[in-house]
Amino acid sequence: MNKITRSAALAFCATSLLLAGCGTDQPTTEATTDPEGMTLQDSAAMSTDSARMGKAQGVEVGGARMTPDKDLVANAISSKEHTTLVSAVQAAGLAETLKGPGPYTVFAPSNAAFNNLPYGAVAGLMRPESKEKLQGVLKYHVIPSRIMAADLRDGQQLTTLSGDKIKVSVKDGKVKINNANVTISDVVSSNGITHVIDQVLLPPAE
């Protein structure tokens, strides 16, 4: 290898190290197409180094400090603004799943978001006979990978734990998931990421 070729190779390797690690496998994404033919990136399998980073002191959510040393459920339990979500996760039998190794990204509706649902909707979902439906709604808020706000792109479609897709919109630095606004982003837990949203995401009707 001559000097020019060797220098070019070293430069390429250094750039690769900065982006994703030289000589390592790159995360894969699945391309999907919207009704108008635009190719969108599906980041359901995406795992980036940035997603492992978090503030050691944590992020304050609902009057509590959520820290990277706790799992998603342990952090959520601390928030006064997510008591409905925690109760729903427990009623659906998904607490152990979200305490597992994951990683998961959770778009977490606040109590106010649940209160905006039609009267009686939450109580109906909490009934034992509605457990399967409740699971479907909650899984629609979970992506089976770590995704930080910086990884989100306008027009992305993400495949949820339920198998359905949610759409990302980014405008003027503000992120929306379907019609819900992300109000707090990049809350890092030991097994995933939480982004707080102001609406409950409803999966498409079967």
Those residues of region 68-105 that are open to solvent by 20 Å² or more (accessible area, probe 1.4 Å), within 17 Å of Ile147 (Cβ to Cβ) and either free of Cβ contacts under 8 Å to residues at least 24 places away in the same chain or part of a strand (DSSP E or B) (or both) come to a total of 1
Are there strands (runs of 3 or more DSSP E) fully within region 151-206 with at least 3 residues that are within 24 Å of Lys80 (Cβ to Cβ) and either at pLDDT 90 or above or touching a helix residue (DSSP H, G or I) at 6+ places or on another chain (Cβ under 6 Å) (or both)? List them. 180-189, 192-197
Being of a type in the set (A, V, I, L, M), open to solvent by less than 20 Å² (accessible area, probe 1.4 Å) and at pLDDT 95 or above is the requirement here; does Val61 meet it? no
Which condition number does Val170 fail, the rest of (1) within 11 Å of the chain's Cα centre (by Cα); (2) of a type in the set (A, V, I, L, M, F, W, C); (3) surrounded by fewer than 17 Cβ atoms within 10 Å (Cβ to Cβ) being met? (1)
Report, ordered by the first and then the second residue, all pairs with beta carbons closer than 9 Å, sequence separation of six or more or different chains, a first member in region 166-183 that is without any contact (Cβ under 8 Å) to a residue 24 or more places away in the chain, and a second member that is acidic (Asp, Glu) and surrounded by 15 or more Cβ atoms within 10 Å (Cβ to Cβ). Asn181/Asp198
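The values are calculated or read from the model by the stated rules, or taken from the named source; none is laboratory data. These numbers were taken from a predicted model, which means no experiment stands behind them. Cβ sites come from the backbone with ideal geometry, for glycine too, and all protein chains shown count toward neighbours. Just the protein is used for accessible areas: all its heavy atoms, side chains included, with ligands, DNA and RNA removed. Shrake-Rupley method; radii C 1.70, N 1.55, O 1.52, S 1.80 Å.
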